[in-house]
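The values are calculated or read from the model by the stated rules, or taken from the named source; none is laboratory data. Please read all numbers here as calculations on a predicted model, not as lab measurements. Quick reminder, even Gly has a Cβ in these numbers, built from the backbone with ideal geometry, and neighbours come from all protein chains shown. The accessibility values were calculated without ligands, DNA or RNA, using every heavy atom of the protein model including side chains. Shrake-Rupley method; radii C 1.70, N 1.55, O 1.52, S 1.80 Å.
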Amino acid sequence: VHPSVWVLYAEHRFGWTPFHVGLSLAFVGLTAVFVQGFMTRILVPRLGEPRALRIGIGIEMASFVLYGLAFQGWMVYAIMAFGAFAGIAQPAIRSMISAGTPPQEQGELQGSLISITSLMAIVAPILYTQTFDWAVKNNQPPGSPYFAAAAVSASALVIVLLWRDSRTAPN
């Protein structure tokens, strides 16, 4: 959702200029580097991969709701700092999936994950830009794309909570 609508959303919702949008992107980059480069190797082993996955998706879902509800530009900086911790989910799930896949199928697994990511890179911009366009044209909350992203994250969380695999079942 961020790459698709962040600039439009920030300009529409908060009246931000390109300078302000650039500052926000720099901040989110710094928080992502901190979490993914430092905190992930501390938190994932401490929490365990299944719990890190659930917590990461939960943080992602909550942060999307908060982005959608934010009404002052300064609020998004707190949401970004909190939301960066969603970054613990991806390494956790990749490790869990990898651990449950035989060595001779690892290349196929990684190719499948890349294919899914590529497909979503096509679908997501259409979904979120059209949701934003609809919301603005129909005087609906401009945060609607973020609510839609929260719903997608909620769906992922339900799948993870229901996931039962003898090798990698979440705790």
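When only the Cβ of Lys, Arg, Asp and Glu is charged (+1, +1, -1, -1), the dipole of the chain relative to its Cα centre reaches about 340 debye. Highest-first packing order for the peptide set 5-11, 123-129 is 5-11, 123-129, based on the mean count of other beta carbon atoms within 10 Å. The residue among Ala154, Thr131, Tyr9 whose Cα reaches farthest toward the positive pole of the charge dipole of the chain, with charges on the beta-carbon of Lys, Arg, Asp and Glu, is Ala154.
Could you check how much of the accessible area of the chain is carbon and sulfur, as a whole percent, using a 1.4 Å probe? Answer for the chain is 68 percent, counting heavy atoms of protein chains only. What the Cβ-Cβ distance of Val123 and Ile42 gives, at R0 = 35 Å and to the nearest 0.05, is a FRET efficiency of 0.55. Relative to the dominant Cα principal axis of the chain, helix 144-162 is inclined by about 20°.
With the highest mean first, a sort of the peptides 36-48, 110-122, 60-72, 83-95 on other beta-carbon atoms found within 10 angstrom per residue produces 83-95, 60-72, 36-48, 110-122. Relative to the longest principal Cα axis of the chain, at what angle does helix 106-137 sit, 0 to 90 degrees, rounded to 10? Rounded to the nearest ten degrees, it is 20.
Around the Cα centre of the stretch 1-83, unit charges on the Cβ atoms of Lys, Arg, Asp and Glu (plus for the first two, minus for the last two) sum to a dipole of about 260 debye. When you restrict to C-alpha pairs under 8 Å that are six or more residues apart and normalise by the size of the chain, the relative contact order lands at 35 percent. Annotation for Trp134 and Phe27: the two label points, set 7 Å from Cα along the Cα-Cβ direction, are 3.0 nm apart. Measuring r between the beta carbons of Ala78 and Gln104 and using R0 = 45 Å, the FRET efficiency lands at 0.45. A 1.4 Å probe run over the protein chains yields, for the chain, 56 Å² of accessible area per residue, whole-number rounding. Tell me, how many Å apart are the Cα centres for the stretch 72-97 and for the stretch 1-66? The stretch 72-97 and the stretch 1-66 have Cα centres separated by 4 Å.
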